[in-house]
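Here is the structure we will look at, set down as structure tokens.
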Protein chains: 2
Amino acid sequence: MAQQHLDPTDPAAGAVTGDALAGYLRAQATEFLRSLRHHRETGGPGGAAGRVSPNPAAGGAEESVDAARALRRSARRISGSLHTFRPLLDADWSEEMRPELAWLSGTLALEHAYEARLQRLLLALHRLSGAAGFPSQPGSPGPPAAGPQPAGERGNLTVGAAKAGALLERQLTLARTRAHSTALQALGSSRFHAVADKVAVLASDVPLTPAAAATDLRPAAAAAEERLTDAITGLPLITAGHPYNAEALIHGLSPDPAPHPQDGPWHQVRLLLRLHRYAREALYGGDIPIDVRLLTAGEALDRHRDAAEAAGAAAQAARTPRIAPATAYALGVLHADQRHEVEAARFAFQQCWQKEAVKAL
Amino acid sequence: MAQQHLDPTDPAAGAVTGDALAGYLRAQATEFLRSLRHHRETGGPGGAAGRVSPNPAAGGAEESVDAARALRRSARRISGSLHTFRPLLDADWSEEMRPELAWLSGTLALEHAYEARLQRLLLALHRLSGAAGFPSQPGSPGPPAAGPQPAGERGNLTVGAAKAGALLERQLTLARTRAHSTALQALGSSRFHAVADKVAVLASDVPLTPAAAATDLRPAAAAAEERLTDAITGLPLITAGHPYNAEALIHGLSPDPAPHPQDGPWHQVRLLLRLHRYAREALYGGDIPIDVRLLTAGEALDRHRDAAEAAGAAAQAARTPRIAPATAYALGVLHADQRHEVEAARFAFQQCWQKEAVKAL
């Protein structure tokens, strides 16, 4: 690739054109096909349809999980590039391809998401229960804050945490198992085979527009970055930069069916950050310099999304009919804990983003 | 007073001796007697024993509340000075006086504490319910985080918040009413009259030791400050200085009967900070310069104590038998919210304390 040793952000450097995009898309399509083969060999429907396990993450199925992740990863990159560099690609083909890739990566992502959500919630319950020993504060001079409780009442909350964990495990394992079946069905469907066939063509033949070979990629990439920075400007970063602003839990007991519309703009920035990263990958080819800010910001936004969804799962579980009050109490504490994780993630994002913005001045 | 225009921290200045302490104690004793008279006139047992009201804070009884607060305020100052400047005062008298003053201010403080705790918790429930309108985020591009819920399930959580509020109101109002009766009984008791008589004597005649008139107050005051700074050194300030460290909730669901021994050292620092402030008052006489750091630190530690106790009350209410799961869930969210207030207060303390420490270098 001609642009590999150039800095595409250097205006004096030669233009990075549709050829670079084609190279990037071919590489991602090849990766997609490799992951798909790997997935079929390790547990996908093409290779071992009989091995549908309720716990696909255990044992040898781990490789299958990795393969599915790699498949999603390249699907997202192809889809993202189709979006960002739309004018350089055959419009009909793009419009047909994108929703199919979104369907595929969405379907494949669910199983892993439920698994990760459960792990996050169980870990939090463990932490909140002080389960791993009881670290006493050395040199604590004062008496403990609360008086002793009768043993029966004491046990209540532990039982609550345990029951909350069991309830979440039941609900999220069921959801994951369903997502697993759905993913297997999707991978065996004719809809999927049609996508895979198209990606196979893409691996050798990228449908660029006639003008693409002479079109500079950078304006489209810059536009993607601008969409990101515009969206970040809309975030309440001043509030987020004040620790313990208590914003994330502000509708924690709201009667509103969608109590956290405040999360939306952050989720949107997460997606735009991703598109910006993929655009950079297409632009730089193999020589992409590491941007610590993008990495850190992306991690903070992933954590934001994960904590928000975990908090939602805890609230949802609390609506299960006929649960014990102690279970509901534990789920309430857990919900609030995860909403504070949401707030902490916003703070982390603000810190890394503002720090670099100041440096850049 | 001879020392009034001197800076007692200036080693070149003349010594501040027992005379200054006597002046301070006389002033506090006079204030105590004035508050007591005021309290009797506005609702205390001496003036209006028949007016025992379940809601003593309402209407004209407000003055009585103010008077009780002023009474506690001077009782704490006398008691604190007896402790800090022990060697300058008649030992037998001091030893007899201090527990009586502690009993008195403790008894008088409870009613106000329950009232303030209830207000804090109801305010938090209100905030968590997003009750005051629903501020939508302008320009929110994404879909809301959670899908719509059936109306019946939706209502559940509001009912939960309302029921939690009603439960807390019932429990804390009962506790407050009891504390009010106990305080009235205490103020009418012979035990109280004995304390009041002693304070009346103190207003004119402070039992200094023979050597006190020639003894410098500053070493004792410096020792009080040292006990404070030593205790602060023992606090986990590095952790507290990292926002969102999630320490305060770490035993939120612990089976331990005293889940928050971590609060003890902070409560202890709060008391030592108070003793240091009173020692400065005795030292400076009427000319005490404002120390913003002490004020801010004291406010942070008050907030820490109040939030810790409110969190405890929410947890305690959740142990009420036969409450609805929705009520328990709301109390869990509330408990976690207040524990995060505890963490926020520690952060605020660390910020104000460290900032000044850096400035002082």
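The values are calculated or read from the model by the stated rules, or taken from the named source; none is laboratory data. Because the structure is predicted, anything quoted here is derived from the model rather than measured. A quick note on method: Cβ atoms are made from the backbone with ideal geometry, for glycine too, and the neighbour counts reach across all protein chains shown. All accessible areas refer to the heavy atoms of the entire protein, side chains included, with ligands and DNA or RNA removed. Shrake-Rupley method; radii C 1.70, N 1.55, O 1.52, S 1.80 Å.
Of everything in the range A:97-126 that is charged (D, E, K, R) and in contact (Cβ under 8 Å) with a residue 40 or more places away in the chain, the residue that is farthest from A:Leu71 (Cα to Cα) is A:Arg120. A:Gly43 meets all of the listed conditions (1) open to solvent by less than 30 Å² (accessible area, probe 1.4 Å); (2) at pLDDT 95 or above but one, namely (2). Looking at this structure, is B:Arg305 more than 7 Å from chain A (Cβ to nearest Cβ), on the phi > 0 side of the Ramachandran plot and open to solvent by 10 Å² or more (accessible area, probe 1.4 Å)? Against the criterion (more than 7 Å from chain A (Cβ to nearest Cβ), on the phi > 0 side of the Ramachandran plot and open to solvent by 10 Å² or more (accessible area, probe 1.4 Å)), B:Arg305 does not qualify.
Condition check: open to solvent by 40 Å² or more (accessible area, probe 1.4 Å), over 30 Å from B:Ala326 (Cα atoms) and not hydroxyl-bearing (Ser, Thr, Tyr). Does A:Gly286 satisfy that? Let's see the steps before the verdict.
Details: open to solvent by 40 Å² or more (accessible area, probe 1.4 Å): yes; over 30 Å from B:Ala326 (Cα atoms): yes; not hydroxyl-bearing (Ser, Thr, Tyr): yes.
It is true that A:Gly286 is open to solvent by 40 Å² or more (accessible area, probe 1.4 Å), over 30 Å from B:Ala326 (Cα atoms) and not hydroxyl-bearing (Ser, Thr, Tyr).
Could you please let me know if B:Asp337 is acidic (Asp, Glu), buried (at least 24 other Cβ atoms within 10 Å of the Cβ) and either assigned to a helix (DSSP H, G or I) or modelled with pLDDT under 95 (or both)? Working first, answer last.
Working: acidic (Asp, Glu): yes; buried (at least 24 other Cβ atoms within 10 Å of the Cβ): yes; either assigned to a helix (DSSP H, G or I) or modelled with pLDDT under 95 (or both): yes.
The answer is yes for B:Asp337.
Scanning the range A:197-211 for residues that are farther than 12 Å from A:Glu31 by Cα, touching a residue at least 60 places away in the same chain (Cβ under 8 Å) and either among the aromatic types (Phe, Trp, Tyr) or part of a helix (DSSP H, G or I) (or both) yields a total of 1.
Quick check on my filter: what residues within the range A:242-276 are closer than 18 Å to A:Gly332 by Cβ, modelled with pLDDT of 85 or more and surrounded by fewer than 21 Cβ atoms within 10 Å (Cβ to Cβ)? Matches in the range A:242-276: A:Ala246, A:Ile250.
Go over the candidates B:Glu63, B:Glu100 one by one and state the one that is open to solvent by 30 Å² or more (accessible area, probe 1.4 Å), at pLDDT below 95 and within 27 Å of B:Glu281 (Cβ to Cβ).
Numbers: B:Glu100 fails: at pLDDT below 95.
Only one candidate passes the filter, namely B:Glu63.
Scanning the range A:115-136 for residues that are at pLDDT below 90, more than 7 Å from every other protein chain (Cβ to nearest Cβ) and loosely packed, with under 14 Cβ neighbours inside 10 Å returns A:Ala132, A:Gly133, A:Pro135. Note on the range B:340-349: residues that are open to solvent by less than 10 Å² (accessible area, probe 1.4 Å) and either more than 8 Å from every other protein chain (Cβ to nearest Cβ) or hydroxyl-bearing (Ser, Thr, Tyr) (or both) total 3.
Listed conditions (1) of a type outside the set (D, E, K, R); (2) touching a Lys or Arg at 6+ places or on another chain (Cβ under 9 Å); (3) within 14 Å of chain B (Cβ to nearest Cβ) are all met by A:Leu294, apart from (3). Selection of the range B:208-241 for residues being open to solvent by less than 30 Å² (accessible area, probe 1.4 Å) and in contact with a Ser or Thr (Cβ under 9 Å, 6 or more places away or on another chain) yields B:Ala212, B:Leu217, B:Ala220, B:Ala221, B:Ala224.
Of all the listed residues (B:Ala318, B:Ala279), the sole one being at negative phi, more than 7 Å from chain A (Cβ to nearest Cβ) and either touching a strand residue (DSSP E or B) at 6+ places or on another chain (Cβ under 7 Å) or surrounded by 24 or more Cβ atoms within 10 Å (Cβ to Cβ) (or both) is B:Ala279.
When the range B:214-272 is limited to residues that are closer than 23 Å to B:Leu294 by Cβ and not in a helix (DSSP H, G or I), the one that is nearest to the other protein chains (Cβ to nearest Cβ) turns out to be B:Gly234.
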